[in-house]
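Derivation of every value follows stated rules applied to the coordinates shown; laboratory data play no part. Since the model is a prediction, treat every value here as computed from it, not as a measurement. Positions of Cβ are generated from backbone atoms using ideal geometry, with glycine treated the same way; all protein chains shown enter the neighbour counts.
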Amino acid sequence: MISNISLSFAKAAYRYAKSSDEVNEWRALLSTIADATDHDRVMQYLAAPISLTEKMSALEDHIQLQPKQRVWLKQVITAKHSHLLPQMYKAFEQLYDQDNQVNTLVVTTNKVLDQEFQSQITDKAKSKLPEPLKIIFSVDQKLLGGITVCYNDRVIDLSFNRILEQLMIN
């Protein structure tokens, strides 16, 4: 779930990116930052008691920032919300998808699907569902087995969890 703070920062970034026709640049930046902040060392560094200037300098050694992106990122770090950067990226992507009427298919299993199986699902989905289509493969280790498929607001739950739940009810 995306927090209100993450959504607020994402909306501010998206509004600016859209008004300046820089949405793809912002998507790339936020994706890069979200990937980087998935690493504990990066998060520890951003949370460390060092100056904002040092933090920004370290980031800019690896990421090229436009002036407005720099201001936005400084605000995130100053407000001590850098741990929410991955959520901000997800919220930004959701805003982009809504704005561009992107259909989303989320396939969830209890382990990573091999590339061949992912390709089969992707090919079948692309032949049956309207474009633009974003396909996301995710892992939920709470699933005992099976698969759940979410397409926009529809869910098909073929997980063992649901089957067991149904058996226990009956």
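Rounded to the nearest 500, the helix-only mean residue ellipticity at 222 nm of the chain stands at -18000 deg cm²/dmol, with each DSSP H run of n ≥ 4 adding -39,500 (n - 2.57).
Computed over the chain with a Gaussian network model linking Cα atoms closer than 10 Å, the most mobile of A58, A13, A36 is A58.
Within the shell of other residues whose beta carbon sits under 11 angstrom from the beta carbon of V102, the net charge comes to -3, with Lys and Arg scored +1 and Asp and Glu -1. With each label modelled as a point 7 angstrom along the Cα→C-beta vector, the I50-I136 pair spans 3.2 nm.
About its Cα centre, the dipole of the range 17-61 is roughly 140 debye, where the only charges are +1 on Lys and Arg Cβ and -1 on Asp and Glu Cβ. If R0 is 25 Å, the Cβ-Cβ spacing of A28 and L129 corresponds to a FRET efficiency of close to 0.45. Dipole of the chain computed with +1 at Lys/Arg Cβ and -1 at Asp/Glu Cβ about the Cα centre; of V106, Q94, A12, farthest Cα towards the positive end is A12.
Across K128, K90, K11, mean-square fluctuation computed from a Gaussian network of the chain (C-alpha pairs under 10 Å connected) peaks at K128.
Note the full-extension length gain between N170 and V106 as 0.36 nm times their separation in residues minus their Cα-Cα distance, in nm to one decimal.
Numbers: separation 64, 0.36 × 64 = 23.04 nm, distance 2.91 nm.
Gain on extension, N170 to V106, equals 20.1 nm.
Among E116, E131, E60, the largest mean-square fluctuation in a Gaussian network model of the chain (Cα springs under 10 Å) belongs to E116. Placing +1 on each Lys and Arg Cβ and -1 on each Asp and Glu Cβ, with no other charges, gives the range 47-170 a dipole about its Cα centre of roughly 240 debye. Of the DSSP H helices in the chain, not one has a Cα length along its own long axis of 27 Å or more together with a mean Kyte-Doolittle hydropathy reaching 0.0.
In this rough spin-label picture, where each label sits 7 Å from Cα along the Cβ direction, the N161-I63 distance is 3.1 nm.
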